Amino acid sequence: MSLRAWYAAALLVAAGMLPASVASQLDSAATIRGTASSTFNGRPLAGVMVSVPAVHRFAVSDSDGRFELAGLPPGRQRIRVSYEGRNTEEYDFDLRRGKVKKLVVLLDVDAVDLAPVVVEAQARDFSRNLAGFYDRRKWYAGFARFYTREEITRTHVSRLSSLLQRDGISVRCTTQGCVPMLWNRGTRCAVAVAIDGMQFAELDYDDVQIDEVQAVEVYRSTFLTWGVVPQIADFAPAGAKSAI
């Protein structure tokens, strides 16, 4: 029997021998569970410390970026994130008795200020933050093009329009104005563009500096026609590709 199997068996035996009072305390306690990843490319980060200072408890993310803090008192608790000796501000979350609070922690480890994104895990199709982007990237990779900050940097483009042109999206002007468009099965179709979940009404989306863009997702028209478009923007384009 391997060491891992023996350890798991030992845990199972021990769990069956817990006094009733201890088991009751565990049932009434709250748990924080989550993942830590890089904002730059979405890869898991090991060594990220997530702590609850008020109760002197902490956990450190493993090689898969996972962490867990069990046995916490229910109620409003402040969470602190640290990495390589650098602390961030604290984040408030409500913990419920006997429930698991799932968190997503994203860090820019190369920045002077870690500037983490610490959010509660949400349904991937409704989450408009960077955590939702990486979750959709994992599930919809075969139906959409996802550009991380790392990939955007690697393209060496200087404008957002140049990045979208890689997916066939370009601006076309008519007497009624200029709109992003692409060719789809021999037909030129308008493309809906949203930034931070809001439809972008500016004619020139190059007003958005490419250095400030953390992620871009472009959905193919075939994906949209299935009616399973993520609800991360305030529009529902039909039969056309969208860039967000």
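The values are calculated or read from the model by the stated rules, or taken from the named source; none is laboratory data. Just so you know, these numbers come straight off a predicted model, no measurement behind them. Using ideal geometry, Cβ is built from the backbone for each residue, glycine included, and neighbour counts are taken over all protein chains shown.
For region 36-45, the criterion of being assigned to a loop (DSSP other than H, G, I, E, B), touching a Gly at 6+ places or on another chain (Cβ under 7 Å) and not hydroxyl-bearing (Ser, Thr, Tyr) is met by at least one residue. Considering region 70-121, the qualifying strands (runs of 3 or more DSSP E), each wholly inside and each with 3 or more residues that are out of contact with any helix residue (DSSP H, G or I) (no Cβ under 6 Å at 6 or more places or on another chain), run over 75-83, 86-95, 100-107. When 75, 85, 47 are screened for being of a type outside the set (Phe, Trp, Tyr), at pLDDT 90 or above and closer than 30 Å to residue 152 by Cα, only 47 passes. Among the residues that make up region 156-163, is at least one of them β-branched (Val, Ile, Thr) and under 26 Å from residue 107 (Cα atoms)? Looking through region 156-163, at least one residue is β-branched (Val, Ile, Thr) and under 26 Å from residue 107 (Cα atoms).
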